[in-house]
Amino acid sequence: MPGLLRGVARTAVIAGTATSVSNRVSRRQAARWSAQEGYGGGQGQPGYEPPGEAPAQPPPPPADPIQQLKDLAALHEQGVLTDEEFAAQKAKILG
């Protein structure tokens with residue numbers, strides 16, 4: 001039983017020391033950050049820039065209708081598209 005108490009006491013000391021050091025480091029970092037110019041006051045993190053508008057993406061280039069028809073015919077031959085679906089997609093591409 002004395003070995004168990006010694007192990008528990010050692011763990012408690014280590015955990016207490018780690019907590020104390022962690023808290024001290026956190027307070028020190030917070031003091032440094034608040035002392036830096038441009039930090040706080042609702043400005044967020046140093047060096048942070050709020051996102052602006054995203055640049056507009058250019059429209060995709062027009063697809064080659066001949067290649068589209070070839071791909072569509074291949075799907076029709078494989079049985080993926082029915083005759084009606086093939087005709088509807090072909091009409092959409094051509095017209």
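Bear in mind these aren't lab numbers, they're just calculated from the coordinates by the rules spelled out. Remember, predicted model here, so these are calculated numbers, not experimental data. For neighbour counting, all protein chains shown are included, and Cβ atoms are generated from backbone atoms with ideal geometry for every residue, glycine included.
The table for this structure:
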read-out: Residues whose placed amide H lies under 5 Å from that of residue 81, excluding near-sequence neighbours; value: 76
read-out: At R0 = 25 Å, FRET efficiency that the Cβ-Cβ distance of residue 93 and residue 57 yields, to 0.05; value: 0.60
read-out: ³J(HN,Hα) computed for each position of region 5-11 - Karplus, 6.51 cos²θ - 1.76 cosθ + 1.60, integer Hz, glycine/proline x; value: 5, 5, x, 5, 5, 5, 4
read-out: Estimated vicinal HN-Hα couplings, Hz - region 66-80 in sequence order (Karplus 6.51, -1.76, 1.60; Gly, Pro = x); value: 5, 5, 4, 5, 5, 5, 5, 5, 5, 5, 5, 5, 6, x, 6
